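Peer 1: Shown below is the structure under consideration.
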Amino acid sequence: MILEKPNNMVHTSTHLYLKREVVDVKRLNSQMANKGLNTEDAVLLIRKSEIANRFNLLQELLPSCQHHFAVKSCPQNNMIEEWNNLGGHFDVASTGEIELLENFNIDLSNCIYTHPIKKEREIAFAINRGIRIFVVENYDELNKFMPYQNDVQLMLRLSFSSEDAGIDLSSKFGLMPEHAISFVTNATDAGFKIAGLCFHVGSQMKSNSQYIKALSVCKNIYSELENIGICLSILDIGGGFPFHASETAESLHHFFDPINNFIENNFRNVKCLSEPGRFVSAPIATLICKVVGKSKRTNCHNYYLNEGIYGCLSNKIFDFYDFNQMHTYPSKPNDNYIFHNSNLFGPTCDSIDKLLENHPLPELSISDTVIFENMGAYTFASTTNFNMLGRINTLAID
């Protein structure tokens, strides 16, 4: 029997139909067993073909930029390896992220180090590994590069606040734009190579208006600096490109085309960079969970999954995950489900590990499957080992 899902996902006794392909549950269990993974554990399925899809899509939508994948969004081996094989570059923000890239013999000279605040030993480590482009935002950070003046190019990060951002980063990092001219001239006079400006308008942007505003401000700064003999050669427009499960070709072009057109019309002689994270990594992974426990109290059904708030589903707290992308697969599908008020918990003994409360769900049994779509961004990256339950297993399916 086939159960129709609102997003055209369907269930049979042996298959889960994901966004673009079929996952055979029995085969998945076999693959997990062959890799020494316990089939009672949750698994994060990585679709390598989707990494290529997102790479090509970004190249089409924003051809004016060289794209540096933000490792922090998904520091996962398949993600890193595939992006590198496709010819993509990387944005790193820590020694650990650099060490991850080293595992794949990636040319680190093509990386940018974008964390605005760094320990001196982190700077030395990165330079020793071949990284030459760094971000600064104030004079204290600038002075940390005094021993490396002849070796590095620096980008000055500017602050642009935005009410359109799902997560506004401006309160933590960035120099106000009105101080950019004096900073660049002072740094240049002191012997530093300021190669360009960078910004990050925020995460999950609702519109492209703040990008256009930031680009306009940068255009004026580049022109003013050029008038006094300082020519900047790089512009980094950051990330924050939104991912939505409902995205269409029309909505994507509506968002990206004005940004790309502005860059092509106003920064012809400048190398433009971007730092895509979520836009690339969100749709590459699907979380497959199982019900490992159940109970009933006060007329409410309680279900306990093998992954929760302290694992990949930390995105409920940190990333405002849309639980409309969750689907349950009862072991006895029928056409007339009775829905019950239900609580959905993760596997830890902490009461904060609650995913849904008083939510209508069909009755589930032990070992029934629950899946969460679009789980690549800021999920694997933020898993913990709370209760010593272990971190999420990953499995590439193509």
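The values are calculated or read from the model by the stated rules, or taken from the named source; none is laboratory data. Note that the structure is a prediction, hence the values are computed from the model and not measured. For neighbour counting, all protein chains shown are included, and Cβ atoms are generated from backbone atoms with ideal geometry for every residue, glycine included. Side chains included, ligands, DNA and RNA excluded: accessible areas come from the protein's heavy atoms. Shrake-Rupley method; radii C 1.70, N 1.55, O 1.52, S 1.80 Å.
Peer 1: Can you compute the equivalent ellipsoid semi-axes for the stretch 161-303, i.e. the square root of 5 times each eigenvalue of the Cα gyration tensor, sorted largest first and rounded to whole Å?
Peer 2: So the equivalent ellipsoid measures 41, 18, 13 Å along its semi-axes.
Peer 1: In addition: Identify all lysines with a Cα-Cα distance to K48 below 20 Å; exclude those on the same chain that are fewer than 8 residues away in sequence.
Peer 2: K19, K35, K72
Peer 1: So for each of 46-54, 62-70, 97-105 I average, over its residues, the number of other beta carbons within 10 Å; can you give me the resulting order with the highest mean first? Present the calculation step by step, with values, prior to reporting the outcome.
Peer 2: Numbers: 46-54: 20.2, 62-70: 22.2, 97-105: 15.0.
Put in order of decreasing packing, that is 62-70, 46-54, 97-105.
Peer 1: List the relative contact order of the stretch 231-382 as a percent without decimals, with contacts defined as Cα pairs under 8 Å and 6+ residues apart.
Peer 2: Averaging sequence separation for qualifying contacts and normalising by length gives 29 percent for the stretch 231-382.
Peer 1: Straight-line reach only, C-alpha to C-alpha below 17 angstrom: list the aspartates and glutamates that K206 could link to, leaving out same-chain residues fewer than 8 apart.
Peer 2: Leaving aside aspartates and glutamates fewer than 8 places away in the same chain, those within reach of K206 are E163, D164, D168, E247, E250, D257, D319, D322.
Peer 1: Here's another thing I want to ask about it. At 0.36 nm per residue, and after removing the present C-alpha to C-alpha distance, how many nm does the segment from N269 to D140 gain when stretched out fully?
Peer 2: 43.4 nm
Peer 1: Accessible area per residue, 1.4 Å probe, Å², for the chain: what's the number?
Peer 2: Here the residues of the chain average 45 Å² of exposed surface.
Peer 1: Which residues does a label at Q66 reach in the stretch 114-142, if reach means a backbone N under 19 Å from a point 7 Å past the Cα toward the Cβ?
Peer 2: Flagged as within label range: 114-115, 126-136.
Peer 1: Further, regarding this structure: Which percent of the accessible area of the chain is formed by carbon and sulfur heavy atoms (probe 1.4 angstrom)?
Peer 2: Exposed carbon and sulfur together represent 47 percent of the surface.
Peer 1: A further question follows. For the stretch 51-173, what is one quarter of the convex hull surface built on the Cα atoms, given in nm²?
Peer 2: 8.5
Peer 1: Contour minus end-to-end for N186 and N34, with contour as 0.36 nm per residue of separation and end-to-end as the Cα-Cα distance?
Peer 2: 48.7 nm
Peer 1: For the pair E81 and S251, how long in nm is the line joining their label points, each one 7 Å along Cα→Cβ?
Peer 2: Using points 7 Å along Cα→Cβ, the separation is 3.3 nm.
Peer 1: In percent, what relative contact order does the chain have, based on Cα pairs under 8 Å that are 6 or more apart in sequence? Provide the component values of the computation, followed by the final result.
Peer 2: Details: 779 pairs, mean separation 76.9, N = 398.
19 percent.
Peer 1: Just to be sure I follow the rule: in the stretch 261-398, considering lysines 8 or more places apart or on different chains, how many pairs have Cα atoms under 26 Å apart?
Peer 2: Pairs that pass both the separation and distance tests number 11.
Peer 1: Using the Cα gyration tensor of the stretch 301-342, with a ≥ b ≥ c the square roots of its eigenvalues, what is the shape: rounded (a/c below 1.5), prolate (a/b larger than b/c) or oblate (neither)?
Peer 2: prolate
Peer 1: Turning to a different aspect of this structure: Pull out the extension gain between I228 and N105, defined as 0.36 nm times the separation in residues minus the alpha carbon to alpha carbon distance; nm, one decimal.
Peer 2: 40.1 nm
Peer 1: For n ≥ 4 DSSP H runs only, could you compute -39500 (n - 2.57) per run for the chain, divide by its residues and tell me the 222 nm figure to the nearest 500? The partial results should precede the final answer.
Peer 2: Numbers: 11 runs with 110 residues, N = 398.
The helix-only estimate for the chain comes to -8000 deg cm²/dmol at 222 nm.
Peer 1: Could you give the distance between the Cα centres of the stretch 209-247 and the stretch 318-368, to the whole Å?
Peer 2: 43
Peer 1: Looking at the chain, what % of its DSSP beta bridges pair antiparallel, to the nearest 5?
Peer 2: Approximately 50 percent, going by the DSSP bridge assignments.
Peer 1: Assuming a viscosity of 1.306 mPa s and a temperature of 10 °C, what translational diffusion coefficient in µm² per second does Stokes-Einstein assign to the stretch 256-355, Rh being the Kirkwood radius over Cα pairs? Write down the numbers at each step before the final one.
Peer 2: Numbers: Rh = 17.3 Å.
In µm²/s, the coefficient rounds to 92.
Peer 1: Roughly how many Å² of D140 are accessible to a 1.4 Å probe, to the nearest 10?
Peer 2: About 120 Å², ignoring ligands and nucleic acids.
Peer 1: Then there is this: Can you work out the PRE-style zone for N358? Point 7 Å along Cα to Cβ, and I want the residues of the stretch 303-335 with backbone N under 20 Å.
Peer 2: 303-304, 323-324
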